[in-house]
């Protein structure tokens, strides 16, 4: 009967080496197979914009973790809704949100929308007039109401008087934005009939007179002074805060039309933006309306929206318009043709895809529970980020070369083992970082690069601990193969304790920190965990195999394990080992 082969005292190191090599090759192959051959870079390396938002509220108790989390989610959806899928939105402290927008995509537009973080409201329009008009109308030119030329404004209609034949042409636009029930076919309203004959002004009117002449609707008496003085061409005026929710206010349009902004007198809030449960852009190919925005209201919003649209539908322009106000800017003020029940509506108006996406983002994600101010904006150019990346790579290369040089000079043949281990660790780290960029959105920033550089020292330290334990055994007179086996338990305990402390520090730092510091902590923790894998599955098995080779087994001077160079003690004689007391008696 054949007896089974006993397991070698030093185990089967070839199996462990095969395992880690298969894993390494597999990760590298997956990296190239998925096309993610480079790690995703953070803003400080690739360029982009970092915005710090600070929450403010008249009620300090409103700034809570719950409201901050809600605001973070809304801002993240708003920015990512712009197509900036790699944006990072994180809370920092009790009242701060950090928004990192990488280069590319619609970066500037996303950065602008991040700043519009006040609450969203729907207000009925009372009056509309151009603001910031600097050039008077040419004298002797027929009015647009007579000629049908887009871009001019029909005479003001009497507020509150139904006028089915009133022009649907909004100031400065060839076709008005319209708010209708979902599924309704948008119809072009007839153009207002020509009124009056062309008249030539004796003297060119002033900008104020021209603005007053072009005013549509009726301005409430309490707003007349503020409406007349409002100059929306000034950025600081456009970003000023609106008044109370239950009062009529004045506000500015978001974008200029025909060279000037629009100022509007708005009634009290009729529907809150928080009542919008869903908003999305859609392409209407059946009726030819093009891009439009679909709205869905919750229960409270449905009742309020049905009531107010029924009232607006009976009014003449511009009092049949519903203003969507974010901060003090009117994002849109579509016309209402009919009452809209059911809580579903659609906004049409010859939108481009980008305009429809912007409007849906504002409607769907604009109702924040807190108000925010931009306390800091940092923009990093791609050139500066490239310089920082090069500096980090140079620092890493210098650190690697110093470790390699030290290993070869001090450990000689064993130094080749440490170099091979560093290469395996680098391949694992690089491939995992590249794959995590697409998997979880991990971005390699400058602190993360620093963490990777620190990891070179951690990995080299593990090699040194094991090498020195082996050399200690050789100094004690042990043959190489037993020395390798006896040194491993002692070195393993030291390596595990050291790596555990490093990993624990990285984990705590990752939990308590935010932003870029988390990149350092994540990289440090990842490389520390990989150090344990490499030392167990690569370094120890490789040294076990090399200990069987004559070059190392016989203690070649270039092996790094030469007993003479290490000052090894000569082995004790067997008689003394067996009976040291009898030898002492003979000497006496």
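No value in this document is a laboratory result; all are computed from the given coordinates. For clarity, every value in this text was computed on a predicted model and none was experimentally measured. Cβ atoms come from the backbone with ideal geometry, glycine included; neighbour counts cover every protein chain shown.
The residue 278 and residue 245 beta-carbon pair, evaluated with R₀ = 35 Å, returns a calculated FRET efficiency of approximately 0.95.
The listed peptides 35-41, 429-435, 316-322, 524-530, ordered by packing as a protection proxy, come out as 316-322, 524-530, 429-435, 35-41 (highest mean of other Cβ atoms within 10 Å first). For segment 341-446, the spherically averaged projection of the C-alpha convex hull amounts to 13.2 nm².
Report the paramagnetic label zone for residue 423: residues of segment 451-485 whose backbone N is under 19 Å from a point 7 Å from Cα along the Cα-to-Cβ axis. Under 19 Å, as judged by backbone N against the label point of residue 423, lie 456-457, 459-461, 463-464 of segment 451-485. Taking a point 7 Å out from the Cα of residue 27 in the direction of its Cβ, the residues of segment 512-547 whose backbone N falls within less than 20 Å of it are 519-543.
Sorting 354-360, 298-304 by their mean Cβ neighbour count within 10 Å, with the most densely packed peptide first, gives 354-360, 298-304. Modelled spin-label separation between residue 395 and residue 69, with each label point placed 7 Å from Cα along the Cα-to-Cβ direction: 3.6 nm.
Here r is the Cβ-Cβ distance between residue 56 and residue 339 and R0 is 45 Å; the resulting FRET efficiency, rounded to 0.05, is 0.75. Note on residue 566/residue 94: beta-carbon distance plugged into 1/(1 + (r/R0)^6) with R0 of 60 Å gives a FRET efficiency of 0.55. Simple spin-label estimate for residue 287 and residue 37 gives 5.1 nm between the two label positions (7 Å along the Cα-to-Cβ direction from each Cα). On full extension, the segment bounded by residue 405 and residue 224 gains 57.1 nm, given 0.36 nm per residue less the C-alpha separation. Between residue 12 and residue 490, the contour length at 0.36 nm per residue exceeds the Cα-Cα span by 170.1 nm. Label sites at residue 255 and residue 548, each approximated as a point 7 angstrom past Cα along Cα to Cβ, lie 7.3 nm apart.
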